[in-house]
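Contents: one structure, followed by commentary.
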């Protein structure tokens, strides 16, 4: 259902049904009442997807206005679980409207968490994962909870960012270590085992024996990338680029750019390393 709509006899039952899951705000107004139009505009600005705003034109929907016993305009009613739970009558300042709504609306961080969970449950691509991570980081900045940390760990695991997932799971307290936490820990363990291949171990040994071998460094970075150990791969190449942008006659820079391209524009990690490369170039 749309977040802002006009209430009519045809859709009133749908709106009441929607209030079982989401707060609905009924705004009664009339063209001849300028204050009621101002109140509707204020509610539209306050909406931001946090509730369903159902505008009721009392000049055309007199039966609905009569049913709710509207005696003054504007009148605001808050519906939850199919029943009016709060309201205001007469002209209102935006602060008064906001104060009333905040008593009934979920906090902004909860909406961001819910939106991110929906994305993560839908087999997201890298761009969608980046959006989910962004929403969750915003939610975490507003409110610290194990639920947000678990959702972030899930997002990082789906993005194959194992260090970030591991770090996030480490922040979950005992109370939050439920079956979902155990499931994520098992996924992390399996992913870490899969990411530590014999090829990588062989290249790591060769690199440790001769860290100046550029060909081995590039081969190791590419192997790490294939195992979804992207941060390690990029850091390995960037470490050398920081000292010499033309290392290996440009081969290191070329390999670095290839990894960034493969990770895609939606990758938060790739964008971070792009900015770091630009800082060296300019």
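No value in this document is a laboratory result; all are computed from the given coordinates. Because the structure is a prediction, the values reported are computed rather than measured. Please note: Cβ atoms are built from the backbone with ideal geometry, for glycine as well, and neighbour counts cover all protein chains shown.
What to note about this one:
- Contact order relative to length of the chain, as percent, for alpha carbon pairs under 8 angstrom and 6 or more apart: 12
- Scattering from the stretch 198-281 was approximated by placing one identical point on each alpha carbon and applying the Debye formula without solvent; log10 I(q)/I(0) at 0.19 1/Å stands at -0.78.
- Against the chain, whose longest principal axis comes from its Cα atoms, helix 126-142 is set at around 70 degrees.
- For the chain, the share of DSSP beta bridges that are antiparallel, to the nearest 5, is 55%.
- Cα gyration tensor, the stretch 108-195 - rounded (a/c under 1.5), prolate or oblate: oblate
- As a proxy for reagent exposure, 206, 112 were ordered by neighbouring Cβ count within 10 angstrom, fewest first; the result is 206, 112.
- Residues 189, 160, 104, 228, sorted so that the one with the fewest Cβ neighbours within 10 Å comes first: 189, 104, 228, 160
- For the chain, the longest principal axis of the alpha carbon atoms and the long axis of helix 214-226 meet at an angle near 30°.
- Projecting label points 7 angstrom from Cα along Cα→Cβ for residue 114 and residue 195 puts them 3.3 nm apart.
- A compact globular protein would have a Cα radius of gyration near 2.2 N^0.38 Å; the ratio found for the stretch 4-102 is 0.96.
- The distance from the alpha carbon centre of the stretch 225-282 to that of the stretch 134-151 is 28 Å, rounded to a whole number.
- Rounded to the nearest 500, the 222 nm mean residue ellipticity of the chain from helices alone is -19000 deg cm²/dmol, with -39,500 (n - 2.57) taken per DSSP H run of at least 4 residues.
- Ranked 244, 161, criterion: other C-beta atoms within 10 Å, fewest first: 244, 161
- Degrees, to the nearest 10: 146-158 long Cα axis against longest axis of the chain: 50
- DSSP beta bridge pairing in the stretch 6-90, given as percent antiparallel to the nearest 5: 60
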